[in-house]
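The values are calculated or read from the model by the stated rules, or taken from the named source; none is laboratory data. Just so it is clear, the model here is predicted, and its values are computed rather than measured. Positions of Cβ are generated from backbone atoms using ideal geometry, with glycine treated the same way; all protein chains shown enter the neighbour counts.
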Amino acid sequence: MIIGMWGMLTQKNMIKIILGLAIVETGVQLIMVAFGYIGGRTAPILDSAVPVKDAAEMIVDPVPQALVLTAIVIGVAVNALALTFVVKLYQKRRSLNITDYKDLKW
Amino acid sequence: MVNPIYIIAILLGLGFLLPSIEKAGSKVTGTVFYAGLLSVFGISYQWFRHFMIDGSETVQILYGRYKPPLSINFQIGSLESVFLVSINFAALAGAIYMTKPIFETGVKAMVLFLLLIMGLNGLIMTRDLFNIFVFMEIVAISTYSLGAWTVLSDRFRQALNTCSPEGSHRFFFFSGSLSFIRLQAH
């Protein structure tokens, strides 16, 4: 995640900035999955090994995994959207360098 | 009382309907757009009256007759109704104020605006961590896109700038969610 942030903050090329964004997102998702695991517990699948009445104490919470799965899908959409913006900007000024776009600065 | 799911249903439904009736002309799409926003404001005002004037108790609605996380659950109380009526009033007033740029941009702006308002309404009403995340992302993505496709100068650079903190806002949300989940587990 830190590598991605470093890339986003130091790179001038807009495609590299978006790559940095993708790395940040992947890092965040990995952190979420890693910390969502609780030691000594099993996957959240109810079968003969996990009786329903003891499920709350035996399985890990499925919410982090569901959140990460959704985050992956949304992350792809956001990256595609960001790349669309880059394509539009490139069509306008024929440059991928973010310092060439200073209209919003004052 | 009108079920609050209709707030989501109307806004999302119109989001899909507007592109399909685009050929009918801007008068028709504009009328449908403003009628949708007005109806959503009407529903939220009805709930606002229900809680503030009649003094009713907080309502929790479980969709699909299951308990969360199997169903989406919404909660409306006095505080939620204040936020809903404020958001929908601001949306209606904002749409009226921005009539010219919205019509200049066309159906794209209307759809994104409706999705943005739907996300905000859902964010207020839902009591489910997973759906809070989903509605938060709907709000974020529609904001970037609305920024990009409105008739402002250098809009794509501005949209890219708003897109960049995407990873960090997700990190903060996930950190909070994880702390909450870990606290519950112990």
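Would you check if B:PHE74 is assigned to a helix (DSSP H, G or I), at negative phi and not polar (S, T, N, Q)?
Spelling it out, it is not the case that B:PHE74 is assigned to a helix (DSSP H, G or I), at negative phi and not polar (S, T, N, Q).
Looking at chain A, what helices (runs of 4 or more DSSP H) fall wholly within it and have at least 2 residues that are more than 13 Å from the chain's Cα centre (by Cα), facing chain B (nearest Cβ under 9 Å) and without any contact (Cβ under 8 Å) to a residue 60 or more places away in the chain?
Once the helices (runs of 4 or more DSSP H) in chain A are filtered for at least 2 residues that are more than 13 Å from the chain's Cα centre (by Cα), facing chain B (nearest Cβ under 9 Å) and without any contact (Cβ under 8 Å) to a residue 60 or more places away in the chain, what remains is A:14-36, A:63-93.
State all residues of the stretch B:149-172 that are more than 7 Å from chain A (Cβ to nearest Cβ), part of a helix (DSSP H, G or I) and either modelled with pLDDT under 70 or in contact with a Phe, Trp or Tyr (Cβ under 6 Å, 6 or more places away or on another chain) (or both); if no residue qualifies, say none.
Across the stretch B:149-172, the qualifying residues are B:ARG155, B:THR162.
When you go through (1) at pLDDT 90 or above; (2) surrounded by 15 or more Cβ atoms within 10 Å (Cβ to Cβ); (3) among the polar types (S, T, N, Q) one by one for B:SER56, which number turns out not to apply?
Unmet for B:SER56, out of (1) at pLDDT 90 or above; (2) surrounded by 15 or more Cβ atoms within 10 Å (Cβ to Cβ); (3) among the polar types (S, T, N, Q): (1).
Can you name the residue in the stretch B:76-106 that is of a type in the set (A, V, I, L, M, F, W, C) and farther than 20 Å from B:VAL139 by Cβ and, of all such residues, is nearest to the chain's Cα centre (by Cα)?
Applying the filter and picking the extreme gives B:ILE96.
List pairs: first in the stretch B:133-161 and crowded, with 20+ Cβ neighbours inside 10 Å and of a type outside the set (Ser, Thr, Tyr), second in a loop (DSSP other than H, G, I, E, B) and at pLDDT 70 or above, Cβ under 7 Å, 6+ apart or cross-chain?
If the second residue must be in a loop (DSSP other than H, G, I, E, B) and at pLDDT 70 or above, the pairs left are B:ARG157/A:TYR101.
Out of curiosity, is B:SER44 under 22 Å from B:ILE132 (Cα atoms), hydroxyl-bearing (Ser, Thr, Tyr) and in contact (Cβ under 8 Å) with a residue 24 or more places away in the chain?
Yes.
With (1) assigned to a loop (DSSP other than H, G, I, E, B); (2) within 30 Å of A:ALA66 (Cα to Cα) as the list, and B:SER56 as the residue in question, which single condition is left unmet?
(2)
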